[in-house]
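All remarks here apply to the structure that follows.
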Amino acid sequence: MGELRKVVCPYCGFGCNLLIDSKTLKVRPYRGEPNRGKLCPKGLHATEFVTSRDRLKRPLKRIGSAMVPISWGVAIDEIAGKLLEIRELYGADAVAFLASSKVSNEENYLLQKIARLFGTNNIDNCARLCHEASVHALKLAVGTGAQTNPYEDLEGFKAILIWGYNPAETHPVVMDYILRAKRRGAKIIVVDVRKTRTMAFADYKLVLRPGTDITLANAMIHVIIREELYDEEFIRSRTNGFSEVKMAVRKYTPEYAERVTGIPAETIRAVARTFALAGSGAVMWGMGLTQHVSGVENVLAVIDLVLLPGYIGERGGLYPMRGQNNVQGAAYMGALSEFLPGYVPLSDERFRKRVASLWGVEDLPTERGLYLTELWDEIEEGNVKALYIVGENPAVSEADFAQVRRALRKLDLLVVQDVFPTKTARYAHYLLPASAFCEKSGSYMNSERRIQWSEKVCEPYADSKPDWEILGMLGKALGLPGFNYSRVEEITAEYFRLFPELEERSVEELKSSDGIFLPKKRLHTWEFATPDGKARLIAVEQIAPWEVPDKEYPFVLTTVRLISHYNTGEMTLRSPSLVKLMGEPRALINERDAERFGINEGDLIEIETRRGRIRMRAKVGGVPEGVIAVPFHFKPNRLTGSALNKAGTPEFKFSACRVRKAGKLKGEASE
Ligand SMILES: Nc1nc2c(c(=O)[nH]1)N[C@H]1C(S)=C(S)[C@@H](COP(=O)(O)OP(=O)(O)OC[C@H]3O[C@@H](n4cnc5c(=O)[nH]c(N)nc54)[C@H](O)[C@@H]3O)O[C@H]1N2
Ligand SMILES: Nc1nc2c(c(=O)[nH]1)N[C@H]1C(S)=C(S)[C@@H](COP(=O)(O)OP(=O)(O)OC[C@H]3O[C@@H](n4cnc5c(=O)[nH]c(N)nc54)[C@H](O)[C@@H]3O)O[C@H]1N2
Ligand code: SF4
Ligand SMILES: [Mo]
């Protein structure tokens with residue numbers, strides 16, 4: 001046995017801590033916060049991909065069609081030289097950087113520092129494909145774009161509304177908190193477009209038609225207002241906009257909503273009453289709300305639902321459950337094209353200049369940069385020439401990936417810095433091997449905004465380097481000021497200085513504790529973070545999806561997650577224990593639809609949209625008529641469309657498709 005080191009799980013944003021044996025790399029759960037002795041299968045087997053033989057070993061450079069090894073020094077010098085040349089010819093905005101919500105705060109902080117000092121706000125991360133609609137909606141409504149309360153509060157609430165979110169598969173350990181609440185008498189309400197594992201634990205199981213969430217939320221609000229179930233004092237003293245909401249929901253009667261959503265009017269009334277009369281409550285939501293063209297409005301509608309009964313502070317909270325292990329940290333570190341660190345707008349001159357002076361320059365670029373989802377058109381039009389990607393796999397994770405792949409081919413310079421030769425890496429001119437999570441130390445921030453320290457367990461694999469070291473070298477090679485870091489803690493201390501709440505805290509305290517909440521444990525208890533201190537109730541109307549089913553493409557395609565698989569699969573597919581647990585992917589189809597098309601359980605079916613087609617075996621049942629649900633992990637983005645919502649997120653959860661029984665898997669184009 002070696003020494004046990006405490007490490008943040010490299011998968012989901014719940015943020016479990018693993019205790020890893022430094023010799024055997026065996027994982028045990030940490031007994032402290034937030035996972036309290038629990039882990040899901042991904043955490044338990046998290047070190048398996050680290051020893052995969054597929055790991056990138058040394059820097060590679062494309063020469064013709066071959067990738068040939070080069071030294072770190074030459075790689076970084078050549079990359080920096082090309083970036084400077086492109087800036088000279090076309091300006092800094094011809095370069096874009098993609099940060100990674102898989103890497104540490106320090107690493108995200110460094111990459112956005114490089115981008116902004118280089119002269120561009122073209123810095124983004126996969127939050128754009130994920131919860132950015134929640135960030136925008138929360139900013140508008142309550143002033144801070146993040147989860148309001150810690151997980152521990154969930155246990156005391158009397159009603160928990162789980163909306164477009166399937167934690168039994170996606171954040172399994174948070175289910176423990178939800179089930180403790182249930183044992184203490186909380187009512188659990190789940191809203192989804194199919195029967196989920198999470199629903200098995202619910203008191204109310206609401207299966208609605210895809211994309212009709214605003215109608216359901218507005219109908220619940222209609223009932224709450226009509227029956228005066230809201231907290232009048234809270235509405236008067238702490239919110240604006242009540243009368244507009246009241247007007248807007250007038251037409252959303254439960255009977256009208258029943259016709260649109262498919263949920264019986266009486267159920268809508270019962271659920272609205274249960275939630276508003278519980279006395280305390282939370283709404284937890286996920287991709288079922290955000291990945292729609294109406295993503296921002298969907299989230300605004302459920303925020304209204306929580307504000308009406310005054311469920312804020314000790315009485316309740318808003319839980320946009322964050323996806324990746326450090327997506328919350330990436331945002332707080334400023335790896336987003338429209339925000340400086342701490343979600344501060346680029347237009348905030350005082351803060352911007354403060355950051356600039358900390359970095360040794362006068363000012364920073366003020367124009368919003370490109371969203372990750374806007375990049376592909378800009379590359380195709382020749383406006384973006386170089387892309388530097390750290391730990392993201394857009395050739396698989398982005399909507400309509402055929403277009404993304406076309407764009408990647410067009411770049412003058414593509415650098416991919418990853419632990420594996422990903423699908424995106426196929427288009428790279430330079431491929432830089434990053435060390436994996438347990439081969440480096442640093443801090444991460446989970447969904448409840450808890451910053452946690454992750455210890456180094458073992459030495460970097462082959463000639464790989466921790467991302468912060470690579471980015472330190474790049475910053476220096478670009479001639480940017482302040483990139484002389486020799487220890488990761490120096491970067492931690494530097495980002496601490498950006499946040500007044502952290503100024504008095506030390507890296508040592510972070511290391512020896514169960515973490516530090518930024519800005520604090522519970523938000524908005526007495527006052528909201530809006531300019532006038534009040535929350536805004538914002539009226540929203542149902543918005544139609546971008547691609548409505550028609551005669552040609554009569555089905556709705558949605559994409560969902562499975563417990564033992566993770567995003568684009570680069571890590572979990574290289575983890576033998578998880579591969580064993582996963583089984584073969586299946587597309588869900590309703591019993592009656594299956595019968596109509598002569599499809600039996602296990603048959604190969606072909607799913608086609610206007611953008612492409614895929615084949616997968618069918619699983620009959622689990623979805624309503626007219627809906628097909630495909631696991632996101634098996635490249636359904638050949639099918640999805642690139643229409644974006646106001647926060648720049650594609651509509652991954654709604655495309656018009658058709659299905660048919662397929663012949664044998666023969667001559668299928670390989671990935
Ligand atoms: N095992 C596992 N865990 C993960 C991940 C993973 O890949 N695998 N990924 C992580 C990441 S990055 C994220 S963002 C989170 C995501 O976590 P979740 O948001 O829970 O993930 P999804 O399965 O994408 O979507 C949630 C649910 O939305 C439903 N849905 C689809 N369309 C609609 C709709 O129109 N309305 C409503 N109400 N519901 C709808 C789907 O049926 C699905 O059950 O998970 C994280 N955790
Ligand atoms: N159809 C459909 N598409 C979706 C979604 C959906 O629900 N449906 N969900 C969207 C969502 S919510 C998200 S978050 C995105 C995810 O999109 P991506 O972030 O592109 O997907 P991941 O598979 O998580 O890719 C993470 C990459 O980081 C690498 N990596 C891991 N650790 C490290 C490290 O320490 N250093 C470096 N440099 N690299 C590392 C991994 O090898 C992997 O290649 O996908 C989106 N796409
Ligand atoms: S719940 Fe999330 S953080 Fe915890 S072990 Fe599973 S994947 Fe890791
Ligand atoms: Mo995500």
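Read through the list (1) in a helix (DSSP H, G or I); (2) over 18 Å from the mean Cα position of the chain (by Cα), then give the number of the only condition that ALA137 fails.
With (1) in a helix (DSSP H, G or I); (2) over 18 Å from the mean Cα position of the chain (by Cα) applied to ALA137, the lone miss is (2).
Considering every residue within the stretch 48-70, establish whether at least one is aromatic (Phe, Trp, Tyr) and either within 31 Å of the chain's Cα centre (by Cα) or buried (at least 21 other Cβ atoms within 10 Å of the Cβ) (or both).
Yes, the stretch 48-70 contains a residue that is aromatic (Phe, Trp, Tyr) and either within 31 Å of the chain's Cα centre (by Cα) or buried (at least 21 other Cβ atoms within 10 Å of the Cβ) (or both).
Only residues that are of a type in the set (Asp, Glu), closer than 26 Å to MET287 by Cα and surrounded by fewer than 16 Cβ atoms within 10 Å (Cβ to Cβ): list them for the stretch 509-555, please.
Passing the criteria: GLU541, ASP550.
Would you check if ARG322 is at pLDDT 95 or above, of a type in the set (Lys, Arg) and surrounded by 23 or more Cβ atoms within 10 Å (Cβ to Cβ)?
When the stated conditions are applied, ARG322 passes them.
Out of all the residues in the stretch 448-455, is one or more assigned to a loop (DSSP other than H, G, I, E, B), small (Gly, Ala, Ser) and at pLDDT 95 or above?
Among the residues of the stretch 448-455, not one is assigned to a loop (DSSP other than H, G, I, E, B), small (Gly, Ala, Ser) and at pLDDT 95 or above, which makes the answer no.
For the stretch 109-147, which residues satisfy the criterion of being within 16 Å of ligand 3 (Cβ to nearest atom) and polar (S, T, N, Q)?
The answer is GLN147, and nothing else.
Where the second residue is of a type in the set (Ser, Thr, Tyr) and part of a loop (DSSP other than H, G, I, E, B) and the first is touching a residue at least 40 places away in the same chain (Cβ under 8 Å) and lies in the stretch 239-264, which pairs have Cβ atoms under 6 Å and are six or more apart or on separate chains?
VAL260/THR212; THR261/THR212
Need pairs with beta-carbon distance below 6 Å; first residue assigned by TED's automatic domain parsing to the domain that holds ALA80 and among the β-branched types (Val, Ile, Thr) and within the stretch 401-420, second within 16 Å of ligand 4 (Cβ to nearest atom) and part of a helix (DSSP H, G or I); sequence gap 6+ or separate chains.
Qualifying pairs under 6 Å: VAL404/PRO394.
Can you name the number of the only condition in (1) in a loop (DSSP other than H, G, I, E, B); (2) over 17 Å from GLY310 (Cα atoms) that GLU501 fails?
GLU501 satisfies all of (1) in a loop (DSSP other than H, G, I, E, B); (2) over 17 Å from GLY310 (Cα atoms) except (1).
Within the stretch 14-126, which helices (runs of 4 or more DSSP H) (wholly inside it) include 1 or more residues that are more than 16 Å from ligand 4 (Cβ to nearest atom) and of a type in the set (Asp, Glu)?
In the stretch 14-126, 72-90, 105-118 are the helices (runs of 4 or more DSSP H) which contain 1 or more residues that are more than 16 Å from ligand 4 (Cβ to nearest atom) and of a type in the set (Asp, Glu).
Determine whether ASN393 is at pLDDT 95 or above, within 14 Å of ligand 2 (Cβ to nearest atom) and among the polar types (S, T, N, Q).
yes
Among the residues of the stretch 556-584, write down those that are within 13 Å of ligand 1 (Cβ to nearest atom), without any contact (Cβ under 8 Å) to a residue 60 or more places away in the chain and surrounded by fewer than 19 Cβ atoms within 10 Å (Cβ to Cβ).
Result: LEU573, single match.
Within the stretch 10-40, how many residues turn out to be open to solvent by 10 Å² or more (accessible area, probe 1.4 Å) and either small (Gly, Ala, Ser) or in contact with a Leu (Cβ under 6 Å, 6 or more places away or on another chain) (or both)?
The qualifying residues number 9.
If I filter the stretch 317-360 down to residues being in contact with an Asp or Glu (Cβ under 8 Å, 6 or more places away or on another chain) and not hydrophobic (A, V, I, L, M, F, W, C), which single residue comes out as farthest from ligand 4 (Cβ to nearest atom)?
LYS353
Considering the stretch 506-538 alone, what residues qualify as being touching a helix residue (DSSP H, G or I) at 6+ places or on another chain (Cβ under 6 Å) and of a type in the set (Phe, Trp, Tyr)?
PHE528
Would you mind telling me which numbered condition in (1) part of a loop (DSSP other than H, G, I, E, B); (2) over 22 Å from the mean Cα position of the chain (by Cα); (3) within 25 Å of PRO167 (Cβ to Cβ) GLY569 fails?
(2)
Six or more apart or on different chains, Cβ under 8 Å: which pairs go from a residue in the stretch 590-601 that's closer than 15 Å to VAL630 by Cβ to one that's in a loop (DSSP other than H, G, I, E, B) and small (Gly, Ala, Ser)? Could you list them?
Pairs that qualify, where the first residue is closer than 15 Å to VAL630 by Cβ and the partner is in a loop (DSSP other than H, G, I, E, B) and small (Gly, Ala, Ser), are ASN590/GLY621; ASN590/GLY626; ASP593/GLY626.
Pick out the one residue from ARG236, ARG226 that is surrounded by 13 or more Cβ atoms within 10 Å (Cβ to Cβ), free of Cβ contacts under 8 Å to residues at least 60 places away in the same chain, basic (Lys, Arg) and not assigned by TED's automatic domain parsing to the domain that holds GLU625.
None of the others qualify; the one that does is ARG226.
Of the conditions (1) surrounded by 23 or more Cβ atoms within 10 Å (Cβ to Cβ); (2) assigned by TED's automatic domain parsing to the domain that holds GLU378; (3) more than 25 Å from PRO433 (Cβ to Cβ), VAL95 fails just one. Which one is it?
The one condition VAL95 does not meet is (3).
Any chance the stretch 390-403 includes a residue that's open to solvent by 20 Å² or more (accessible area, probe 1.4 Å), of a type in the set (A, V, I, L, M, F, W, C), closer than 30 Å to VAL293 by Cβ and part of a helix (DSSP H, G or I)?
Checking the stretch 390-403: at least one residue is open to solvent by 20 Å² or more (accessible area, probe 1.4 Å), of a type in the set (A, V, I, L, M, F, W, C), closer than 30 Å to VAL293 by Cβ and part of a helix (DSSP H, G or I).
If only one of LEU110, LEU89 is farther than 20 Å from GLU469 by Cα and either open to solvent by less than 10 Å² (accessible area, probe 1.4 Å) or in the same structural domain as LEU346 (by TED's automatic domain parsing) (or both), which one is it?
LEU89
Restricting to the stretch 153-165, give me the number of residues that are outside any strand (DSSP E or B) and touching a residue at least 60 places away in the same chain (Cβ under 8 Å).
Going through the stretch 153-165 one residue at a time, the tally reaches 7.
For the condition of a type in the set (D, E, K, R) and within 28 Å of the chain's Cα centre (by Cα), what is the one hit in GLU338, GLU258?
Only one candidate qualifies: GLU338.
Name the pairs whose Cβ atoms lie under 6 Å apart, with the first residue in the stretch 166-192 and within 26 Å of ILE268 (Cβ to Cβ), the second more than 16 Å from ligand 4 (Cβ to nearest atom) and of a type in the set (Ser, Thr, Tyr), and 6 or more positions between them or separate chains?
Final answer for the pair search is ASN166/THR196; ASN166/THR198; PRO167/THR198; ALA168/THR198; LYS187/THR274; ILE189/TYR204; VAL190/THR198.
Failed condition for LEU431, given (1) over 24 Å from the mean Cα position of the chain (by Cα); (2) in a loop (DSSP other than H, G, I, E, B); (3) not polar (S, T, N, Q), with all others met?
(2)
So MET199 clears everything in (1) among the hydrophobic types (A, V, I, L, M, F, W, C); (2) buried (at least 19 other Cβ atoms within 10 Å of the Cβ); (3) touching a residue at least 12 places away in the same chain (Cβ under 8 Å) except one condition, right? Which one?
MET199 satisfies every listed condition except (3).
The values are calculated or read from the model by the stated rules, or taken from the named source; none is laboratory data. On a predicted model such as this, the values are computed, not experimentally measured, just so you know. When we count neighbours, we look across all protein chains shown, and the Cβ atoms used for this are built from the backbone with ideal geometry, even at glycine. Heads up: the accessible areas ignore ligands, DNA and RNA and are worked out on the full protein's heavy atoms, side chains in. Shrake-Rupley method; radii C 1.70, N 1.55, O 1.52, S 1.80 Å.
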